[in-house]
Amino acid sequence: MPFQAVATQRLYQQVAQQISDLIRSGQLPNGERLPAERDLAKRLGVSRPTVREAMVALEIAGFVEVRTGSGVYVRAAAASEPPARFDSGPGPFDLLAARLIIEPEIAAVAARKASQKDLEAIEGGIQALEMATDYQSSIEVDRQFHSLVAQATGNSILVGIVQDFWADMSSPIFQALSSQTGLPETDSMTLTDHREILRQIAARQPDLARDAMRAHLEHVEAILASPDEPIAGNGTAS
């Protein structure tokens, strides 16, 4: 029998699909500037982060052009191109929301269970970030830090969850949004946050370790959702 797989779409994919349909139908003509992020969110009934993710997906697919300081414009040849699925990976803000639920608890458990060897390994991860000379090496040692904190819990399932998070952070949409919002240029913030996380783990303070990890991830979220609207105009992973 001709069964077909049931497709599921993330919310940002639904928004990107709707806008691309308007472009392909000519209702959003070539070269037209899209409404501001705030206005699009209101019209579509979604959050501004969802609109931001959709704009990145549309840019990756070639349907729009982001002009710094000006806004987002329909790309000239977009209407003649085949439909796109906009499957650019998990939405960055959904990913961070999941990390905010899980990783602070991982830090709290690490504060109770970390061995001296674990603490030394985490310290080595911080020193490696201090010595990193380029974006790729910074990303690798950042990933290593979070994996080492998870390893300090002694729970291999938690280590696997953190590694899965970082695999998702290599998706095109996360990388593009990171680049556009300047996340790769935040090593100083990352170092300060990582030191505080380690300090509280080493001090055997689960509640404060949890708070330190949560604050760190909220810093990352704030950068990706910065109010200056680098994606849609105004009217280091970590």
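To keep it simple, each residue is scored yes or no on (1) crowded, with 19+ Cβ neighbours inside 10 Å; (2) at pLDDT 95 or above; (3) polar (S, T, N, Q).
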position	(1), (2), (3)
SER70	no, no, yes
ASP94	no, no, no
THR133	no, no, yes
SER138	yes, no, yes
In the set LEU158, LEU177, LEU198, which member is open to solvent by 20 Å² or more (accessible area, probe 1.4 Å) and not aromatic (Phe, Trp, Tyr)?
LEU158
State which residue pairs qualify: first residue within 18 Å of MET131 (Cα to Cα) and assigned to a helix (DSSP H, G or I) and inside the stretch 188-202, second residue open to solvent by 30 Å² or more (accessible area, probe 1.4 Å) and not β-branched (Val, Ile, Thr) in any location, beta carbons under 6 Å apart, and separation of 6 or more residues or different chains.
MET189/HIS219
Among the residues of the stretch 175-195, is any within 20 Å of the chain's Cα centre (by Cα) and within 18 Å of ALA114 (Cα to Cα)?
yes
So which residues in the stretch 38-59 are over 14 Å from the mean Cα position of the chain (by Cα) and surrounded by fewer than 24 Cβ atoms within 10 Å (Cβ to Cβ)?
ARG38, ASP39, LEU40, ALA41, LYS42, ARG43, LEU44, GLY45, VAL46, SER47, ARG48, GLU59
One residue from ALA98, ALA121, ALA79 being modelled with pLDDT under 90, open to solvent by 10 Å² or more (accessible area, probe 1.4 Å), part of a helix (DSSP H, G or I) and touching a helix residue (DSSP H, G or I) at 6+ places or on another chain (Cβ under 8 Å)
ALA79
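The values are calculated or read from the model by the stated rules, or taken from the named source; none is laboratory data. What you are looking at is a predicted structure, and each value in this text was computed from that prediction instead of being measured. We place every Cβ from the backbone using ideal geometry, glycine too, and count neighbours over all the protein chains shown. These accessible areas exclude ligands, DNA and RNA; they are computed on the full protein's heavy atoms, side chains included. Shrake-Rupley method; radii C 1.70, N 1.55, O 1.52, S 1.80 Å.
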